[in-house]
């Protein structure tokens, strides 16, 4: 079974530029999450999708971050404009519909450096 | 908001030793989970706990869901070099559509 796919693995941009990350969850997984992991910290939830609907985006900085999952499969997370404090690893995770809540399958992450 | 306190932050142990780490919170959680993250990888689920007082094992790993529902413990027996990594506890809040809050992690290093 293929795992959660993310791209790009690494991205370096200057502040005020924009960046987009892509995630393809495990086939058949209804729930998709984007987490932000700052160096030395645990992952922090940015947004959760159930199929193509948003379940929780309360911690997403909506003035600069946006995410979509238009067809209920893959998802894109965008940051525009980026700030220095956005430097982090952006992790995508998915879970099957019938799984116990909290049992997530993570991708390898996209590491963003903002200069 | 909810916050999880993990300890120790890091530890060095001799191969073959047993390891203990814990996670505490001032909030009650209905589910506790333990994840491991290797460098350059995403976290991988090790153990999930769903009932207060529950004790669950996965190979050399044993975790317990504290009776107060505010803490959890992870033990690793007879550590080996591949146990190196960062261990995160996570508590689930918000019911069936709930989301995870992660601790800051315990970094485990093993001396061969």
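Bear in mind these aren't lab numbers, they're just calculated from the coordinates by the rules spelled out. All of these numbers come straight from a predicted model, not from anything done at the bench. With ideal geometry, Cβ positions are generated from the backbone for all residues, glycine too; neighbour counts draw on all protein chains shown.
Looking at region B:36-52, is at least one residue under 14 Å from the mean Cα position of the chain (by Cα) and farther than 26 Å from residue A:107 by Cα?
No - not one qualifying residue is present in region B:36-52.
Please go through region B:53-85 and pick out each residue that is within 14 Å of chain A (Cβ to nearest Cβ) and surrounded by fewer than 20 Cβ atoms within 10 Å (Cβ to Cβ).
B:54, B:56, B:58
Being within 14 Å of chain B (Cβ to nearest Cβ) and either crowded, with 16+ Cβ neighbours inside 10 Å or on the phi < 0 side of the Ramachandran plot (or both), is that true of even one residue in region A:60-72?
Checked against the condition, which is being within 14 Å of chain B (Cβ to nearest Cβ) and either crowded, with 16+ Cβ neighbours inside 10 Å or on the phi < 0 side of the Ramachandran plot (or both), region A:60-72 yields at least one hit.
Here is a list: B:16, B:42. Which entry is over 13 Å from residue B:107 (Cα atoms) and either within 10 Å of chain A (Cβ to nearest Cβ) or in a strand (DSSP E or B) (or both)?
After applying the criteria, what remains is B:42.
For region A:65-114, give me every one of the strands (runs of 3 or more DSSP E) that falls completely inside it and has 1 or more residues that are within 26 Å of residue B:89 (Cα to Cα) and touching a residue at least 40 places away in the same chain (Cβ under 8 Å).
By residue number, A:75-79, A:88-95, A:110-114.
Return the residues of region A:22-45 that are part of a strand (DSSP E or B), within 11 Å of the chain's Cα centre (by Cα) and in contact (Cβ under 8 Å) with a residue 40 or more places away in the chain; say none if nothing qualifies.
Answer for region A:22-45, where residues must be part of a strand (DSSP E or B), within 11 Å of the chain's Cα centre (by Cα) and in contact (Cβ under 8 Å) with a residue 40 or more places away in the chain: A:22, A:23, A:24, A:32, A:33, A:34, A:35, A:36, A:37.
Do we find a residue being farther than 21 Å from residue B:101 by Cβ and either surrounded by 13 or more Cβ atoms within 10 Å (Cβ to Cβ) or within 12 Å of another protein chain (Cβ to nearest Cβ) (or both) anywhere in region A:31-50?
No, region A:31-50 contains no residue that is farther than 21 Å from residue B:101 by Cβ and either surrounded by 13 or more Cβ atoms within 10 Å (Cβ to Cβ) or within 12 Å of another protein chain (Cβ to nearest Cβ) (or both).
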